[in-house]
Amino acid sequence: MIERLGRLVTIRSVSGEEKSIADAVSLELEKAGLRVHRQGHNLWAEVGDRPQPRLLLNSHLDTVPPGDGWSGDPWTLQVMGNQLVGLGANDAKGCVTALMEAFLSTGRRIESGEPLRGTVVLALTAEEEISGAGLNTIVERLAPLDAAIVGEPTALTPMIAQRGLLILHGETHGRSAHPANTPMQSADNAILTAAHQLTRLADFDWGATHPLLGRCHAHVTTIQGGVAQNVVPDRCEFCLDIRTTPVETHAELCARLRCHLDCDLHIHSDRLVPVQTDPQARIVQAVVRAVPDQSPAGSPAMSDMVFLDGIPSVKIGPGVSRRSHTPNEYILEQELLAGAAAYERIIREYFRAGPVPGRNDAPADANERCIP
């Protein structure tokens, strides 16, 4: 697994540049005897002995660009004690490595005659870091799916809820004038109007507390206005980054904000909605049995879990979220090993529960089986 992680880290795969890493992973899966499907830089394969239930294993191949502060080449895996250092080692090539190990091991067990009683689908996808043409573009081709595991660095804590993202653009208006001829108290200054409205965010009711995610919260992330240092500004624009919870829909929250603020508010993006999975869902209970020392929790970070609407999902993986997107990003060797073992246990526990109610659980025809 360390060798595989080293190969993956070596391949530059900043979002939008995943072709080479997708080629390499496809080749490794094909050498294992698997049929690999491809759409763009997204790939998937499956192993199984029955068509249903179908469990998705997903993680992403892309990384963010490296920032300053690296002590070595970000695209060369460095072994520093038990730290495996490299761009994406933690987010999320460590998860990819562990998922591939569990997936291939499952295929070998099926080949040796051990029953699975279902199908595991491995989908390794692109552009997760920019919410681009990734899992969302192929999820319908993977259907039907009964449950999903999303590989992200969570220290093997099962995340069954995650925040959404609502981005609003605000705009206030004033009247252009010469500052020398316009006393401050009589000026219609768009920047001052925006400042007054934004201070009112402190008094806004951000809704009820979600049991796993807490309350919704927001930050003003950009603001700009004015055309020159000697002109009273007649327009000011700002951006609100709002991290939402399942307590309230994006439409409902936006409507309440429009009533609270005396300015124009426009929705820039509302597609990344908050998600949650029922704690009693079969996949959650399988994860709880597989990692009994961890309790289900909620994640403040976004992931491709958002594109699995209606599919019971758990985000879980080796590594620690706070290391992501940092110089000298790393995953520990023991975390990588523990992650692969946990994924294998999750697969066994999920299928051990038997068929999904209401599903046809008949054995697949020989020509339909996808096993190494």
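Here are the numbers for this structure:
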read-out: Any hit, the range 320-334, residues being over 24 Å from LEU87 (Cβ atoms), in the same structural domain as GLY94 (by TED's automatic domain parsing) and in contact (Cβ under 8 Å) with a residue 40 or more places away in the chain; value: no
read-out: Any hit, the range 47-56, residues being out of contact with any Leu (no Cβ under 6 Å at 6 or more places or on another chain) and among the polar types (S, T, N, Q); value: yes
read-out: Qualifying residue in the range 224-235 (condition: out of contact with any strand residue (DSSP E or B) (no Cβ under 7 Å at 6 or more places or on another chain), among the acidic types (Asp, Glu) and not in a helix (DSSP H, G or I)); value: no
read-out: Residue that is under 27 Å from SER269 (Cβ atoms), of a type in the set (S, T, N, Q) and either surrounded by 19 or more Cβ atoms within 10 Å (Cβ to Cβ) or out of contact with any helix residue (DSSP H, G or I) (no Cβ under 8 Å at 6 or more places or on another chain) (or both), where the choices are THR157, THR199, THR182; value: THR199
read-out: Per-region count, the range 225-237, residues in contact with a Lys or Arg (Cβ under 9 Å, 6 or more places away or on another chain) and loosely packed, with under 15 Cβ neighbours inside 10 Å; value: 1
read-out: Subset of the range 316-357 (residues that are in contact with a helix residue (DSSP H, G or I) (Cβ under 6 Å, 6 or more places away or on another chain), among the charged types (D, E, K, R) and over 22 Å from GLN276 (Cα atoms)); value: ARG323, GLU329, GLU344, ARG345
read-out: Qualifying residue in the range 63-70 (condition: in a loop (DSSP other than H, G, I, E, B) and buried (at least 22 other Cβ atoms within 10 Å of the Cβ)); value: no
read-out: Residue ID - surrounded by the most Cβ atoms within 10 Å (Cβ to Cβ), chosen from residues in the range 29-46 that are of a type in the set (A, V, I, L, M, F, W, C) and part of a strand (DSSP E or B); value: ALA45
read-out: Test: residue in the range 126-149 that is in contact with a Pro (Cβ under 6 Å, 6 or more places away or on another chain) and surrounded by 22 or more Cβ atoms within 10 Å (Cβ to Cβ); value: yes
read-out: Residue in the range 348-361 that is hydrophobic (A, V, I, L, M, F, W, C), at pLDDT 95 or above, assigned to a helix (DSSP H, G or I) and within 24 Å of SER112 (Cα to Cα) present; value: yes
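The values are calculated or read from the model by the stated rules, or taken from the named source; none is laboratory data. None of the values given here were measured: they were computed from a predicted structure. For neighbour counting, all protein chains shown are included, and Cβ atoms are generated from backbone atoms with ideal geometry for every residue, glycine included.
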